[in-house]
1. Give the span of segment B:2-235's Cα atoms along each principal axis, as three whole-Å numbers ordered largest to smallest.
2. Would you be so kind as to identify all helices of chain B, as entire DSSP H runs, whose Cα atoms reach 24 Å or more along the helix's own axis and whose mean Kyte-Doolittle hydropathy is at least -1.0?
3. Of B:LEU149, B:GLY112, B:ALA29, which is farthest towards the positive pole of segment B:1-159's charge dipole, taken about the Cα centre with +1 and -1 on the beta-carbons of Lys, Arg and Asp, Glu respectively?
4. Using only the C-alpha atoms of segment A:2-59, find the volume of their convex hull and express it per residue in Å³.
5. Do the sum for chain B: with -39,500 (n - 2.57) for every DSSP H run of n ≥ 4, divided by all residues, what is the mean residue ellipticity at 222 nm, to the nearest 500 deg cm²/dmol?
6. Return the FRET efficiency for the residue pair A:ALA15, B:THR92: r is the Cβ-Cβ distance, R0 is 35 Å, and the value is rounded to the nearest 0.05.
7. May I ask you to derive the FRET efficiency for B:VAL236 and A:GLU38 from their Cβ-Cβ distance with R0 = 56 Å, giving the value to the nearest 0.05?
8. Report, by chain and number, residues whose modeled amide H sits under 5 Å from the one on B:SER11, excluding near sequence neighbours (fewer than 5 apart, same chain).
Amino acid sequence: MTLIVNGEEQEIAAATLADLLSALDYEGEWLATAVNGELVHREDRAAFTLGESDRIEILSPMQGG
Amino acid sequence: MLKLYDTWVESRLLLGTARYPSPAILAEAVRRAKAEIVTVSLRRETAGGKAGGAFFDLVGDLGVRVLPNTAGCHSVREAVLTAKMAREVFRTDWIKLEVIGHHDTLQPDVFGLVDAARILTGEGFQVFPYTTDDLVVAEKLLEAGCKVLMPWCAPIGSAMGPVNPAALKAFRAHFPDVPLIVDAGVGRPSHANTVMELGYDAVLLNTAVAGAGDPATMAEAFALAIEAGRLAHKAVPLEPRDMAVPSTPVIGKAVFA
């Protein structure tokens with residue numbers, strides 16, 4: 001399945017958002033996720049089914065002013 | 001003490017966490033500033049999430065409250081989504097709301113700012129809006145539910161200091177009961193001191209400390225300047241006069257001629 005992860009197109013076999021994070025080795029309570037411009041809470045990732053060409057944003061804390 | 005929404009703080013210096021030479025120097029600057037609030041951000045994480053995790057732990061070790069920002073957002077939609085993602089990560093309803101209108105000046109898009117503020121306060125956020133010194137925009141932000149205002153004193157990172165003191169004075173006078181934090185454009189402790197003398201409640205800065213030759217010492221200098229400005233405001237400083245006024249009494253002066 002083709003997914004756009006943080007702006008990069010990738011071919012990944014992942015049924016759910018939780019599967020995707022696991023496949024890409026994303027791990028940590030500090031991650032926030034959104035799919036197609038909508039927040040997906042961490043507790044909803046396992047049940048969130050991904051579709052072809054979904055746009056996934058995975059953000060984490062950074063320094064800021 | 002200063003009340004920001006439902007939180008009381010002693011320190012009137014809010015410190016950004018970006019551009020420090022090292023994490024250790026950032027931590028030392030926060031300590032010497034006696035800051036109780038630091039700003040943080042969110043960015044795309046590379047696979048593994050290790051960089052974000054290290055910073056998350058560092059901030060946790062600082063023992064301060066975090067104020068996440070929406071820096072870099074140029075639309076209401078981006079800013080609102082970033083705010084929601086920040087709440088997910090940092091578990092706080094606080095958000096420093098930035099909706100940027102210009103790439104070069106980083107001037108806020110005040111129309112988008114008001115729209116985003118209204119959406120976010122409706123969803124339970126406690127919004128700290130980065131705005132200009134425009135009084136009408138500020139009124140709209142208050143109507144949108146903001147209980148703190150953060151006018152700039154000059155463009156972000158410019159280090160110019162208060163370029164329009166008259167506007168800042170009018171802003172303070174117009175909103176006597178709203179916590180006002182000068183955010184952006186401060187370059188030196190004297191700038192922070194000036195806005196505190198004008199009656200502002202606090203100052204938020206980043207580059208002026210992080211970009212100094214000795215950030216930790218500069219952080220302490222800012223803290224002292226802010227405290228001095230606060231005391232001076234409470235003491236009611238003299239207004240400037242056009243003509244000289246002798247400080248030594250002239251009554252009883254000897255006449256030698």
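Where a number appears in this text, it was derived from the coordinates with a stated rule and is not lab data. Fair warning: this is a prediction, and the values are worked out from it, not measured in the lab. So basically every Cβ, Gly included, is an ideal-geometry build from the backbone, and we count neighbours across all protein chains shown.
1. The Cα atoms of segment B:2-235 stretch 52, 39, 35 Å along the principal axes, largest first.
2. TM-like helix candidates: B:215-234.
3. So the residue furthest toward the plus end is B:ALA29.
4. Spread over its residues, the Cα hull of segment A:2-59 gives 70 Å³ apiece.
5. After summing the helix terms and dividing by residue count, I get -12500 deg cm²/dmol.
6. Efficiency computed from Cβ-Cβ geometry: 0.60.
7. The calculated FRET efficiency here is 0.60.
8. Under 5 Å from the amide H of B:SER11: B:GLU36.
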